[in-house]
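Novice: Attaching a single structure in structure tokens format; questions to follow.
Quick note: the coordinates plus some simple rules give every number you see, no bench work behind them. Because the structure is predicted, anything quoted here is derived from the model rather than measured. Here Cβ is always computed from backbone atoms with ideal geometry, including for glycine, and neighbour counts include all displayed protein chains.
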Amino acid sequence: MIHVQQISVGEHDILIKVGGVLDAETVEVLNDVCSINLAKGNKVTVDFDSVLHITREGRRFVQEMTSRVHVKSLPEFMKADSEMS
């Protein structure tokens, strides 16, 4: 289960706060929210502060999305993964 909260922090700036578990099913939800905002020309920041667990599919998605959005509060285990890549 995932919790996604979208907050407007400026005219074209969106903060997306994510909580819960990021897995194969919930990746689709987060991808949709990000894609809709990017298509509107918004700058998107995704805050992972409340994420409890990220599966392999979730990790792959996070690594791919960093080219499209700004990532905030990435869990330590994901930072280690990105340093290894």
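Novice: Could you calculate the contour length gain from D13 to E76, that is, 0.36 nm times the residue separation minus the distance between their Cα atoms, to one decimal place in nm?
Specialist: Full-extension gain reported as 20.1 nm.
Novice: Further, regarding this structure: Quick one: angle between helix 56-65 and the longest Cα principal axis of the chain, in degrees between 0 and 90, rounded to 10, please.
Specialist: On a 0 to 90 degree scale, this one is about 40.
Novice: Determine one quarter of the surface area of the Cα convex hull of the chain, which equals its mean projected area, and express it in nm² to one decimal. Don't jump to the answer; show the numbers that get you there.
Specialist: Details: hull surface 20.0 nm².
Taking a quarter of the hull surface, the average projection is 5.0 nm².
Novice: Right, something else. Taking θ = phi - 60°, what integer Hz values does the Karplus form 6.51 cos²θ - 1.76 cosθ + 1.60 yield along segment 2-18, in sequence order, with x for Gly and Pro?
Specialist: 3J(HN,Hα) across segment 2-18, in whole Hz: 10, 10, 10, 10, 9, 10, 7, 10, x, 4, 10, 10, 10, 9, 10, 8, 10.
Novice: Treating only the Cβ atoms of Lys and Arg (+1) and Asp and Glu (-1) as charged, compute the dipole magnitude of the chain about its Cα centre; round to the nearest 20 debye.
Specialist: My answer is approximately 160 debye.
Novice: Something else: Karplus couplings for segment 25-38 from phi (6.51 cos²θ - 1.76 cosθ + 1.60, θ = phi - 60°), rounded to Hz, Gly and Pro as x?
Specialist: 6, 7, 4, 4, 5, 5, 4, 4, 4, 5, 4, 4, 5, 5
Novice: Spin-label point model (7 Å from Cα, Cβ direction): what's the E64 to V29 distance in nm?
Specialist: Output for this residue pair reads 1.9 nm.
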